[in-house]
Amino acid sequence: MSFERLAQSLNQKHQAGYLRQRRTVEYEKDAIICVEGQHYLNFASNDYLGMRQQPEVLQAWVEGLAAYGGGSGASPLVTGYSQAHQALETYLAERLNREAVLLFNSGFSANQAVCQALFSEPGLILADKLMHASFLDGAMACEAQLRRFRHNDMSHLASLLAGIQNADCLVASEGIFSMDGDAAPVESLVALCEQQQAWLMLDDAHGFGVLGENGLGSAEHYGLSQQQVPVLMGTFGKAIGTAGAFVAGSRELIEYLVNHARHYIYSTALPPAQAVATLASLRLIASGSERQQLQANIAHFRSLANQAGLLLTDSQSAIQPVIVGDPHKALALSNGLKERGIWVAAIRYPTVPKHTDRLRITLSAQHSERDIQALVDGLILAREALPQCN
């Protein structure tokens, strides 16, 4: 019988502790979620600033729906590109000091599009070992040779760059890494790429909205020009609280993507109402206090966790991983927290490398000091129930 291997594969994943299952969220408000009739403090969301539920953002959605309807109705190159899309692209280009911006339906499609459009001919991609799967999948599906340098290891990257001869080369890193929460050594990346005349691409999915004077991410935070970072990608589904993504760069790059990026050409454009809400969220973030509250919550959590003797990484971002190293123990700790009314996801291979299975705690501006204290107390109790875990 065909595809008998499906059941075998699922059983193997279950036995190894890697089986994934969905849980239906029935209700969510102010960092509280309801799953199967039970309420939990939510420490697993990428909505770092709580923008999904901001009244101004929701009102913008309503106004966008009234003006443009529920969807875009076509791909961008037919009739799917509206004034709402153009306004969002113009806002981003002006404030990021880029010549042009192109919107995508997701960060996954944006990363895939960049790789496959830029490397329809042979070239070289040098990617950080911990780059997101969306980028790595795109790199492996294009005509470039993919080589990965050790995470944030500039000496290793320099050795790989030294061997480049007459090849288009793209160096790729994340601004804030999605599973470890640490930052890339951006200034060193810029210097190395300038020396070797390679292009630098930053996937700023987890920095955009949080970093920078106006919340415009790593490029604003480090003052990076278009020449220093020729390809900048950011997403709206995390700190911005909506959905979709963008690529920013030179006008030539964006025009090239419009003509060669299949993920853009052959996809229905994101709903205009979504673009309206995204622009409203960006403006609100620039003038609001949510980013300051998030930083205060990060500092408070790290202080309490250190006092409690919990082992943390060096992450200073909203992503605070607790490395366990075993998928079964990670699941047990996650379930132990759920028994205490706290939702924290267990992240396992292949999302993270083997033996680095973890709890991925994400903090939000919506959390109160009491919420964070409850999290730390829950971690202590869950750890005590598994004394073999650090």
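Residues in the stretch 1-37 that are touching a residue at least 24 places away in the same chain (Cβ under 8 Å), of a type outside the set (D, E, K, R) and within 30 Å of SER364 (Cα to Cα): GLY17, TYR18, ALA31, ILE33, VAL35. Answer with yes or no whether GLY207 is of a type in the set (Gly, Ala, Ser), modelled with pLDDT of 95 or more and crowded, with 18+ Cβ neighbours inside 10 Å. Here the answer is yes, as GLY207 does meet what is asked. Here TYR266 clears all of (1) touching a strand residue (DSSP E or B) at 6+ places or on another chain (Cβ under 9 Å); (2) of a type in the set (Phe, Trp, Tyr); (3) surrounded by fewer than 21 Cβ atoms within 10 Å (Cβ to Cβ) except the condition numbered (1). Selection over the stretch 107-144 of residues that are of a type in the set (Gly, Ala, Ser) and either in contact with a Ser or Thr (Cβ under 6 Å, 6 or more places away or on another chain) or within 15 Å of LEU257 (Cβ to Cβ) (or both) gives a count of 7.
Which residue is surrounded by the fewest Cβ atoms within 10 Å (Cβ to Cβ), if the candidates are limited to the stretch 281-328 and must be within 20 Å of the chain's Cα centre (by Cα) and assigned to a loop (DSSP other than H, G, I, E, B)? Only one residue tops the list, namely ASP314. Given the criteria assigned by TED's automatic domain parsing to the domain that holds LEU96, of a type in the set (A, V, I, L, M, F, W, C), within 30 Å of ILE347 (Cβ to Cβ) and not in a strand (DSSP E or B), does VAL171 qualify? Considered against the rule, which asks whether it is assigned by TED's automatic domain parsing to the domain that holds LEU96, of a type in the set (A, V, I, L, M, F, W, C), within 30 Å of ILE347 (Cβ to Cβ) and not in a strand (DSSP E or B), VAL171 comes out as no. The listed residues are SER287, SER218, and the only one of them that is under 22 Å from ILE125 (Cβ atoms) and out of contact with any Ser or Thr (no Cβ under 9 Å at 6 or more places or on another chain) turns out to be SER218. Here SER82 does not qualify as among the hydroxyl-bearing types (Ser, Thr, Tyr), surrounded by fewer than 16 Cβ atoms within 10 Å (Cβ to Cβ) and either closer than 30 Å to GLN292 by Cβ or touching a helix residue (DSSP H, G or I) at 6+ places or on another chain (Cβ under 9 Å) (or both). Residues in the stretch 335-390 that are part of a helix (DSSP H, G or I) and of a type in the set (S, T, N, Q) were compared, and the one that is nearest to ALA308 (Cα to Cα) is GLN373. Between TYR264, TYR256, the distinction of being in contact with a Pro (Cβ under 8 Å, 6 or more places away or on another chain), outside the structural domain of GLU26 (by TED's automatic domain parsing) and touching a residue at least 40 places away in the same chain (Cβ under 8 Å) belongs to TYR264 only. In the stretch 176-202, the residues that are at positive phi reach residues that are surrounded by fewer than 22 Cβ atoms within 10 Å (Cβ to Cβ) and polar (S, T, N, Q) with C-beta atoms within less than 8 angstrom, at least six apart or across chains, in these pairs: GLY181/THR313; GLY181/SER315; GLY181/GLN316. Is it true that some residue in the stretch 345-353 is under 30 Å from ARG148 (Cβ atoms), touching a Leu at 6+ places or on another chain (Cβ under 6 Å) and not β-branched (Val, Ile, Thr)? Yes; the residues of the stretch 345-353 include at least one that is under 30 Å from ARG148 (Cβ atoms), touching a Leu at 6+ places or on another chain (Cβ under 6 Å) and not β-branched (Val, Ile, Thr). Within the stretch 179-204, being touching a His at 6+ places or on another chain (Cβ under 7 Å) and at pLDDT below 95 holds for no residue. Looking across the stretch 132-162, the residues that are farther than 22 Å from PRO350 by Cα and part of a helix (DSSP H, G or I) come down to MET154, SER155, HIS156, LEU157, ALA158, SER159, LEU160, LEU161, ALA162.
Do you know which residues across the stretch 349-372 are of a type in the set (S, T, N, Q) and either modelled with pLDDT under 95 or farther than 22 Å from ASP180 by Cα (or both)? Scanning the stretch 349-372 gives THR351, THR356, SER368.
The values are calculated or read from the model by the stated rules, or taken from the named source; none is laboratory data. Because the structure is predicted, anything quoted here is derived from the model rather than measured. Cβ coordinates were reconstructed from backbone atoms using ideal geometry, including for glycine residues, and neighbour counts include every protein chain displayed.
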